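Worksheet: one structure, shown below.
The values are calculated or read from the model by the stated rules, or taken from the named source; none is laboratory data. Computed from a predicted model, the values in this text were never measured in an experiment. Cβ coordinates were reconstructed from backbone atoms using ideal geometry, including for glycine residues, and neighbour counts include every protein chain displayed. SASA here: full protein model, heavy atoms, side chains in, ligands and nucleic acids out. Shrake-Rupley method; radii C 1.70, N 1.55, O 1.52, S 1.80 Å.
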Amino acid sequence: MLKELIVRNIVLIEKLHVEFEKGLSVLTGETGTGKSILLDSLGLITGNRVDYSLIRNGETEASVTAIFYLVKTHPVKFVLKKYNIETENEIIIRRSIKSDGKSRCYINDILVTRNILVEVADYLIEIQGQFEERGLLDTKTHLSILDVYCNHSDLLKKTKHSFEKMTELNRIIKETEIEEDKINKDNEWLKDSFDQLNLLDPQFNEEEDLDKQKKVLLNNEKIFVSVNQVKSLLEEENGLEDLNYKILRTLEGIKNFGLDNIKNGIDIVERTKVELEELRRILNNEISLANDTKYNLEDIEDRLYELRSQARKHNCTVDELINIKDQISYKLQKANTSKQELHNLKIELEQAKKQFTKESNVLSNSRKNGANKLCNAINHELPHLKLEHAKFKIKFDELQIENASNLGVDNIVFLASTNTGAVLLPINKVASGGELSRFLLAIKVVLESVSHNRTVIFDEIDSGIGGQTANAVGIRLARMGKAYQTMVVTHSPQVTSKGNHHYLVQKKDTDKGTITSVQELKSDQRVEEIARMLAGNSITDEARKAAAKLLNNN
C-alpha cells in the first residue's frame with residue numbers, strides 16, 4: 001500500500017508531501033491544475049524512462065519519493081532479498097533526476113539499476129490507462145493472471161515438477177551424447193593404444209631394472225676381469241683366505257696364555273674368515289648372473305625404446321604407463337556401456353515427456369474452463385460500464401513440447417474489441433483513454449484478489465461517460481478499494497462520491513511562480529468540491545444539495 005508520496009521540483013510542484021490511506025482514494029481538480037503531474041511523478045517511481053523536461057523551471061534537480069507499507073507475506077520481499085535489500089514493514093523508493101542528464105534510483109537507500117526498480121515496482125503499483133506495456137496490458141502476465149483466477153497452484157506444481165524432470169533428462173542426454181561422440185572419435189586411437197600397451201605389458205620399476213642390466217652388459221668384460229682378479233686375491237696361495245687362516249692358527253697358539261686381547265683378536269679373525277667366504281660367494285654369484293642374463297644388450301635397448309616411446313605418446317613417465325593402460329581400459333568399457341545408458345535415458349525421457357504432456361493437458365483443460373468463466377464474467381460487466389458493444393476473449397495457442405515451459409504448453413493473450421463486429425485484438429492494441437481504462441476496470445473487478453498486493457491507479461476512466469454509467473464505475477472502484485488500495489483521477493462527481501478519501505489538486509500563483517498543491521478534503525470540503533464538479537465555477541445551493549445527496553447515498 002502506498003503510504004506517502006513526496007515530490008520536489010517536478011513541473012508545477014515545488015514541494016509536495018501527501019499521505020494516503022486504505023480503500024478508494026479519488027483525486028479531483030480543475031483541468032490544468034497538475035493531476036497528470038502526480039501520475040508522471042508516480043511513473044518515475046514505477047521505473048518509466050526519465051523525461052528531463054519534468055524538472056521545474058529554474059531548478060537543476062528534482063526527486064520523487066514513495067513509501068509503501070508491506071504486509072508480512074508480500075511477494076516483493078523475495079525480490080528484495082535477491083538483491084540483498086533489507087526491509088521489514090515498509091519500502092522507500094526514491095528517484096532523482098538532474099538537468100545534466102543524470103538520474104539515480106534508490107530502494108531503501110540502496111542504489112539500484114532502473115531494471116531492478118521496474119522489477120520491484122511492478123509488485124507495488126500499477127497505473128492503468130497511461131503506461132501501455134505494464135500491468136494487465138503486458139501479455140506476459142496474462143497466463144499467471146488466469147492461473148491465479150483458476151486457483152491452479154497444485155496443478156502448476158505438478159506441471160513444473162514434470163517439466164523440470166524432462167528438462168534435466170534432456171540435459172543429461174545431451175551431455176552423454178557429447179561424451180559418447182568424443183569417445184567414438186577417439187575410439188580407434190584408444191583401441192590401438194590399449195592393444196599396444198597390453199602387448200607391451202609394462203611393469204613397475206621396469207625402466208630402472210633395465211637400465212641396470214644395460215649398464216652391466218655394457219661393462220660386462222670389465223666386471224668379469226675385476227671379479228676374477230678379486231677371486232684370485234682371495235683363493236690363491238698366500239691369498240686373503242690363506243693369510244687369514246695362517247693368522248688364525250698363529251693367534252690360537254698363544255690364546256691360552258691369559259691374554260684377553262689375543263682372544264678378541266681371534267674373534268676378529270674368525271669374523272673376517274666368514275666375511276671373506278661371503279665375499280667369495282658374492283663374486284661367484286656375479287659371474288653366474290653375468291652368464292645367465294635374461295636379455296642381451298640389443299633386447300634391453302629395444303625394450304627401453306618401446307617403453308619410452310609409449311611414455312612420450314601418452315605424455316607420462318614409464319611407470320605411469322600402467323595407470324594409463326587401466327584408464328584406457330575404463331574408457332573403452334565406458335564406451336561399450338554408454339550406448340546402453342543413452343538408450344535407457346531416452347526411454348526415460350519419453351516417459352517424462354508423456355508425464356509432462358499429461359500434466360500440462362490437465363492444466364490446459366482447466367485453464368480453458370476457467371477462461372470461459374472469466375470471459376463470461378467480464379463480458380457481463382462491460383455493459384454496466386457503457387461498453388455494451390465491447391467483447392472480451394482469451395486466445396489460446398498450444399506450444400510444441402520443445403517450446404513449452406514449466407507453466408505448461410499454453411500461450412494466452414487477452415483479446416478485446418470495443419465496437420460491434422470489430423476484430424478482436426490484443427488488449428494493449430485497443431483504443432486508449434477512458435474506454436480502455438473502463439475495460440481494464442471490468443477485468444480488475446472480476447479478478448478482484450489477483451492484484452491485491454498492489455496499489456492500482458486509474459486515469460481517464462470517466463472519459464465520455466456520466467449518469468448511471470459513472471455511478472456504476474464508482475461502485476466498482478469502491479468494491480475494488482475494499483480488496484486493495486485503489487486510486488482514481490476523475491472528473492466525475494458520481495465516481496468522486498464513492499471515494500473513502502478525497503484529494504483536491506489545485507494550483508495558485510505565488511512570487512515563485514505557479515505552484516501545484518494537494519489537499520485532503522474533509523466532509524464539508526468534499527461537498528463543495530463535488531458541487532463545483534456538478535455546477536462549474538458558479539456553485540449553487542442546488543449543486544451543494546445534489547453533492548450532499550451523492551455523498552449520503554454511499
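Output yes when any residue across segment 174-189 is farther than 30 Å from Leu304 by Cα, out of contact with any Phe, Trp or Tyr (no Cβ under 9 Å at 6 or more places or on another chain) and at pLDDT 90 or above, and no when none is.
Within segment 174-189, one or more residues are farther than 30 Å from Leu304 by Cα, out of contact with any Phe, Trp or Tyr (no Cβ under 9 Å at 6 or more places or on another chain) and at pLDDT 90 or above.
Suppose the filter is exposed (fewer than 12 other Cβ atoms within 10 Å of the Cβ) and in contact with a helix residue (DSSP H, G or I) (Cβ under 8 Å, 6 or more places away or on another chain); does Glu206 pass it?
Numbers: exposed (fewer than 12 other Cβ atoms within 10 Å of the Cβ): no; in contact with a helix residue (DSSP H, G or I) (Cβ under 8 Å, 6 or more places away or on another chain): yes.
Criteria not met by Glu206.
In segment 388-400, is there at least one residue being under 27 Å from the mean Cα position of the chain (by Cα), part of a loop (DSSP other than H, G, I, E, B) and polar (S, T, N, Q)?
yes
Kindly establish whether Ser99 is of a type in the set (Gly, Ala, Ser) and under 30 Å from Glu359 (Cβ atoms).
Details: of a type in the set (Gly, Ala, Ser): yes; under 30 Å from Glu359 (Cβ atoms): no.
Answer is no for this residue.
Is at least one residue of segment 337-353 among the small types (Gly, Ala, Ser), at pLDDT below 90 and in a helix (DSSP H, G or I)? Can you show your working first?
At the first step, the residues of segment 337-353 found to be among the small types (Gly, Ala, Ser) are 338, 352.
Among the residues that remain, those that are also at pLDDT below 90 are: 338.
Now restrict to residues that are in a helix (DSSP H, G or I): 338.
The answer is yes; a qualifying residue exists.
May I ask you to verify whether Leu217 is within 30 Å of Leu321 (Cα to Cα), at pLDDT below 85, in contact with a Leu (Cβ under 9 Å, 6 or more places away or on another chain) and not charged (D, E, K, R)?
Numbers: within 30 Å of Leu321 (Cα to Cα): yes; at pLDDT below 85: yes; in contact with a Leu (Cβ under 9 Å, 6 or more places away or on another chain): yes; not charged (D, E, K, R): yes.
In short, yes.
Could you identify the single residue in Lys512, Lys508 that is touching a strand residue (DSSP E or B) at 6+ places or on another chain (Cβ under 7 Å), free of Cβ contacts under 8 Å to residues at least 60 places away in the same chain and open to solvent by 60 Å² or more (accessible area, probe 1.4 Å)? It would help to see each step written out before you state the result.
Working: Lys512 fails: free of Cβ contacts under 8 Å to residues at least 60 places away in the same chain.
That would be Lys508, the only listed residue that is touching a strand residue (DSSP E or B) at 6+ places or on another chain (Cβ under 7 Å), free of Cβ contacts under 8 Å to residues at least 60 places away in the same chain and open to solvent by 60 Å² or more (accessible area, probe 1.4 Å).
Just one of the numbered conditions (1) on the phi < 0 side of the Ramachandran plot; (2) assigned to a loop (DSSP other than H, G, I, E, B); (3) open to solvent by 30 Å² or more (accessible area, probe 1.4 Å) is not true of Gly464; which one?
Only one criterion in (1) on the phi < 0 side of the Ramachandran plot; (2) assigned to a loop (DSSP other than H, G, I, E, B); (3) open to solvent by 30 Å² or more (accessible area, probe 1.4 Å) is unmet by Gly464, namely (1).
Report the residue count in segment 427-444 for those that are touching a Phe, Trp or Tyr at 6+ places or on another chain (Cβ under 8 Å) and either open to solvent by 40 Å² or more (accessible area, probe 1.4 Å) or in a loop (DSSP other than H, G, I, E, B) (or both).
As a first pass, look at segment 427-444 and keep what is touching a Phe, Trp or Tyr at 6+ places or on another chain (Cβ under 8 Å): 427, 430, 437, 439-443.
Now narrow it down to the ones that are either open to solvent by 40 Å² or more (accessible area, probe 1.4 Å) or in a loop (DSSP other than H, G, I, E, B) (or both): 430.
Going through segment 427-444 one residue at a time, the tally reaches 1.
Output the qualifying pairs, or none if there are none: Cβ atoms under 8 angstrom, residues six or more apart or on different chains, first residue in segment 365-389 and farther than 16 Å from Ile443 by Cβ, second residue among the hydroxyl-bearing types (Ser, Thr, Tyr) and surrounded by fewer than 13 Cβ atoms within 10 Å (Cβ to Cβ).
Within 8 Å, the pairs are His389/Thr420.
Scan Arg134, Arg114 and give me the residue that is of a type outside the set (A, V, I, L, M), at pLDDT 90 or above and over 17 Å from Phe78 (Cβ atoms).
Numbers: Arg134 fails: at pLDDT 90 or above.
So the residue among Arg134, Arg114 that is of a type outside the set (A, V, I, L, M), at pLDDT 90 or above and over 17 Å from Phe78 (Cβ atoms) is Arg114.
Can you name the residue in segment 88-104 that is under 17 Å from Val76 (Cα atoms) and surrounded by 13 or more Cβ atoms within 10 Å (Cβ to Cβ) and, of all such residues, is modelled with the lowest pLDDT?
So the residue we want is Glu90.
Note down all Cβ pairs under 8 Å where the first residue falls in segment 21-43 and is more than 21 Å from Ser497 (Cβ to Cβ) and without any contact (Cβ under 8 Å) to a residue 40 or more places away in the chain, the second is in a loop (DSSP other than H, G, I, E, B) and of a type in the set (A, V, I, L, M, F, W, C), and they're at least six residues apart or on different chains.
These pairs meet every condition: Asp40/Val11.
So Asp147 clears everything in (1) outside any helix (DSSP H, G or I); (2) open to solvent by less than 30 Å² (accessible area, probe 1.4 Å); (3) within 22 Å of Leu440 (Cβ to Cβ) except one condition, right? Which one?
Failed condition: (1).
Could you tell me whether segment 23-34 includes any residue that is among the hydroxyl-bearing types (Ser, Thr, Tyr) and either open to solvent by 20 Å² or more (accessible area, probe 1.4 Å) or farther than 25 Å from Thr486 by Cβ (or both)? Walk me through how you get there before you give the answer.
Kept after step one, since they are among the hydroxyl-bearing types (Ser, Thr, Tyr), are these residues of segment 23-34: 25, 28, 31, 33.
Next, only the ones that are either open to solvent by 20 Å² or more (accessible area, probe 1.4 Å) or farther than 25 Å from Thr486 by Cβ (or both) stay: 31.
Yes, some residue in segment 23-34 is among the hydroxyl-bearing types (Ser, Thr, Tyr) and either open to solvent by 20 Å² or more (accessible area, probe 1.4 Å) or farther than 25 Å from Thr486 by Cβ (or both).
For the condition under 30 Å from Gln327 (Cβ atoms), open to solvent by 90 Å² or more (accessible area, probe 1.4 Å) and either more than 54 Å from the chain's Cα centre (by Cα) or not hydrophobic (A, V, I, L, M, F, W, C) (or both), what is the one hit in Asp186, Asp211, Asp195, Asp260?
Values: Asp186 fails: open to solvent by 90 Å² or more (accessible area, probe 1.4 Å); Asp211 fails: open to solvent by 90 Å² or more (accessible area, probe 1.4 Å); Asp260 fails: under 30 Å from Gln327 (Cβ atoms).
None of the other options fit; the residue is Asp195.
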